[in-house]
Amino acid sequence: MKLSARSLVLLPLALMIVAPAIAVAQTTAPPSASVPAQDDGDLTSEVALTRAAIQVRRQALVTAAMDLDGKEAEAFWPLYRDYRNEMAKVGDRLVKLINDYADAYDSITDEQAGKMLDEYLSIQKATNEVKTTFVPRFRQILPARKVARFFQVDNKLDVVVQSQLAAGIPLVR
């Protein structure tokens, strides 16, 4: 079976998305041995499901690392949810960029590559802007050491996802 270039780009993304979801869900049903071809609607719903599963896992890791007392936790978790919602909006842009790259992979032009690179840099800037916006808000409710710890944990979790994405997305030809 010959895979299209789009499938070659999106298959690692889908596998990266599905693998953590399977690990988190820990269902009794065995995972499918094959990954069916997915259209954009399937991929979008898979991203949404996986994002929810990753969020559950991420929140468990943050909980373990933060060591919050009752009052801190009461203030932290609503702000954390707001933060993750804003980061998800930026993440949506990255998913769209990856889809656009997959669509253009076989015949990407210099102009398309340049626009995609600009969008990637804009996404990185938006990620930093969200963090910059939320750091002062977290500082209002937590001691500075706990704020630093949270952003260290958050960064480590982001690096894991970025590493998996980088490993699965082929270089521009």
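The values are calculated or read from the model by the stated rules, or taken from the named source; none is laboratory data. Owing to the predicted nature of the structure, the values given are computational and were not obtained by experimental measurement. For neighbour counting, all protein chains shown are included, and Cβ atoms are generated from backbone atoms with ideal geometry for every residue, glycine included.
Per-structure values
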| read-out | value |
| --- | --- |
| Test: residue in the stretch 93-106 that is part of a helix (DSSP H, G or I) and more than 20 Å from Pro170 (Cβ to Cβ) | yes |
| Answer residue from the stretch 122-135, given it is surrounded by 14 or more Cβ atoms within 10 Å (Cβ to Cβ) and over 30 Å from Lys71 (Cβ atoms) and is nearest to the chain's Cα centre (by Cα) among those | Ile123 |
| The one condition in (1) buried (at least 16 other Cβ atoms within 10 Å of the Cβ); (2) of a type outside the set (Ser, Thr, Tyr); (3) at pLDDT below 95 that Phe138 fails to fulfil | (3) |
| Sole residue being closer than 24 Å to Glu129 by Cα and either modelled with pLDDT of 95 or more or more than 12 Å from the chain's Cα centre (by Cα) (or both), chosen from Asp82, Asp69 | Asp82 |
| Odd one out for Glu119 among (1) assigned to a helix (DSSP H, G or I); (2) surrounded by fewer than 14 Cβ atoms within 10 Å (Cβ to Cβ); (3) in contact with a helix residue (DSSP H, G or I) (Cβ under 6 Å, 6 or more places away or on another chain) | (2) |
| Positions within the stretch 62-72 being surrounded by fewer than 14 Cβ atoms within 10 Å (Cβ to Cβ) and assigned to a helix (DSSP H, G or I), in sequence order | Ala64, Gly70, Lys71 |
| Candidate set: the stretch 142-157, residues that are charged (D, E, K, R) and crowded, with 16+ Cβ neighbours inside 10 Å; chosen: the one nearest to Thr109 (Cα to Cα) | Asp154 |
| Any chance Leu171 is on the phi < 0 side of the Ramachandran plot, free of Cβ contacts under 8 Å to residues at least 40 places away in the same chain and not in a helix (DSSP H, G or I) | yes |
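Yes or no, residue by residue, for (1) at positive phi; (2) in contact (Cβ under 8 Å) with a residue 40 or more places away in the chain; (3) of a type in the set (Asp, Glu):
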| position | (1), (2), (3) |
| --- | --- |
| Glu72 | no, yes, yes |
| Leu79 | no, yes, no |
| Gly91 | no, yes, no |
| Ala104 | no, no, no |
| Ser107 | no, no, no |
| Ile141 | no, yes, no |
